[in-house]
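All remarks here apply to the structure that follows.
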Amino acid sequence: MILRGTFFSTTLEMETNLTVLIPNNRLRQPLGKVAYLLHGLCGRSGDWLDYTMLPVYAEQHDLVFVMPEVARSFYNDMQFGQKFFSYVVDELPQIVRNVFQVSSRREDTGVIGASMGGYGALKCALSRPEQYAWCAAFSSASLYLKEGLERQRTHGNNSVFRSVYGERLLNDFEAIFSPALIWREEDEITALAARAKTMPNQPQIYLACGSEDYFCADNQRFKQDMDALQLDMAFESWAGKHDWVFFNEALEKSLQHFFPAVETPTA
């Protein structure tokens, strides 16, 4: 079952898009596993359904996928905008449990994303390790947010810098973090990981990034930093770019990583 529609979010105080994919074999069996699947910077709630083999993976793994829409917010409670982080981690799961009867158990709940959504997935899982048992992040952006905000503060008025990053993205960051580009520990993935390490439960994490991706160096650096924390984290890299070909393959590999008993049928 594929559902695409809108509903009124009390957190966002507006109508928002939502896409839900429920495997056919789950329609008559309540309390199934659920994964929150997060879009990238230029995306929308239906991207994963439109550009990957998601329906096949849902059936193979008996997994409900919930795909919210958060504009270009980087899954944050914005300084000038909506509270998208609170919406995704607080309001949306409650609505999904009430309407679609998915499991509320931590071990049945995961979060996945690519690019901006990779940052969002890590932020959700590491901010709420008591809520998400597993997390997959592909080609993640802004893994070192503090450094990025400092670069923008220092070079943001430089025409070359603005041409590289784009006027729209720099404006987005001012809307998210204020014109002063205020850094907060709760937005920094490495800081969240260090805090999660001290908590009773940590999410199992799978990272992937294409070797030709412009975020590859940051993702490799992040894996080394996470190894130092001794978090349960796997990292894979293979030939690939920052595109849906890679994201589709990474999605399949991540689900096989978390649910290894499932075999992919051959044609």
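Just so you know, all these numbers are worked out from the coordinates, no wet-lab data involved. Quantities reported herein were computed from a predicted structural model and do not represent experimental measurements. Quick reminder, even Gly has a Cβ in these numbers, built from the backbone with ideal geometry, and neighbours come from all protein chains shown.
Has region 81-98 got any residue that is part of a loop (DSSP other than H, G, I, E, B) and surrounded by fewer than 22 Cβ atoms within 10 Å (Cβ to Cβ)? Write out each step before concluding.
Our first condition is that a residue be part of a loop (DSSP other than H, G, I, E, B); within region 81-98, this holds for 81-82.
Cutting the leftovers down to surrounded by fewer than 22 Cβ atoms within 10 Å (Cβ to Cβ) gives us 81-82.
The answer is yes, given that some residue of region 81-98 is part of a loop (DSSP other than H, G, I, E, B) and surrounded by fewer than 22 Cβ atoms within 10 Å (Cβ to Cβ).
So is E59 under 17 Å from L3 (Cβ atoms) and touching a strand residue (DSSP E or B) at 6+ places or on another chain (Cβ under 9 Å) or not?
Working: under 17 Å from L3 (Cβ atoms): yes; touching a strand residue (DSSP E or B) at 6+ places or on another chain (Cβ under 9 Å): no.
Here the answer is no, as E59 does not meet what is asked.
Is it the case that Q101 is touching a Pro at 6+ places or on another chain (Cβ under 8 Å), surrounded by fewer than 22 Cβ atoms within 10 Å (Cβ to Cβ), touching a residue at least 12 places away in the same chain (Cβ under 8 Å) and not hydrophobic (A, V, I, L, M, F, W, C)?
Working: touching a Pro at 6+ places or on another chain (Cβ under 8 Å): yes; surrounded by fewer than 22 Cβ atoms within 10 Å (Cβ to Cβ): yes; touching a residue at least 12 places away in the same chain (Cβ under 8 Å): yes; not hydrophobic (A, V, I, L, M, F, W, C): yes.
Considered against the rule, which asks whether it is touching a Pro at 6+ places or on another chain (Cβ under 8 Å), surrounded by fewer than 22 Cβ atoms within 10 Å (Cβ to Cβ), touching a residue at least 12 places away in the same chain (Cβ under 8 Å) and not hydrophobic (A, V, I, L, M, F, W, C), Q101 comes out as yes.
So for region 30-37 (the condition being hydrophobic (A, V, I, L, M, F, W, C) and either assigned to a loop (DSSP other than H, G, I, E, B) or without any contact (Cβ under 8 Å) to a residue 12 or more places away in the chain (or both)), does at least one residue qualify?
Taking region 30-37 and keeping what is hydrophobic (A, V, I, L, M, F, W, C), we get 31, 34-35, 37.
If we keep only those that are either assigned to a loop (DSSP other than H, G, I, E, B) or without any contact (Cβ under 8 Å) to a residue 12 or more places away in the chain (or both) too, we end up with 31.
For region 30-37, residues hydrophobic (A, V, I, L, M, F, W, C) and either assigned to a loop (DSSP other than H, G, I, E, B) or without any contact (Cβ under 8 Å) to a residue 12 or more places away in the chain (or both): present.
May I ask you to say which residue of L231, L251 is assigned to a loop (DSSP other than H, G, I, E, B) and touching a helix residue (DSSP H, G or I) at 6+ places or on another chain (Cβ under 7 Å)?
On the way: L251 fails: assigned to a loop (DSSP other than H, G, I, E, B).
Of L231, L251, the one residue that is assigned to a loop (DSSP other than H, G, I, E, B) and touching a helix residue (DSSP H, G or I) at 6+ places or on another chain (Cβ under 7 Å) is L231.
Residues in region 104-115 that are surrounded by fewer than 17 Cβ atoms within 10 Å (Cβ to Cβ) and among the small types (G, A, S): how many?
1
Take region 175-231 and flag every residue that is at positive phi and small (G, A, S). Write out each step before concluding.
First pass over region 175-231, keeping only residues at positive phi: 178, 181, 230.
Selection gives S178 alone.
In region 208-267, what count of residues is obtained for those that are closer than 26 Å to V56 by Cα, in contact with a strand residue (DSSP E or B) (Cβ under 6 Å, 6 or more places away or on another chain) and surrounded by fewer than 19 Cβ atoms within 10 Å (Cβ to Cβ)?
Residues flagged as closer than 26 Å to V56 by Cα, in contact with a strand residue (DSSP E or B) (Cβ under 6 Å, 6 or more places away or on another chain) and surrounded by fewer than 19 Cβ atoms within 10 Å (Cβ to Cβ) within region 208-267 amount to 4.
Looking at region 65-114, which of its residues are of a type in the set (F, W, Y) and closer than 26 Å to L255 by Cβ?
Our first condition is that a residue be of a type in the set (F, W, Y); within region 65-114, this holds for 65, 74-75, 80, 84-85, 87, 100.
F65, F74, Y75, F84, F85, Y87, F100, listed by residue number.
With region 106-179 as the region, which helices (runs of 4 or more DSSP H) entirely inside it contain at least 3 residues that are within 20 Å of V70 (Cα to Cα) and touching a residue at least 24 places away in the same chain (Cβ under 8 Å)?
116-127, 167-177
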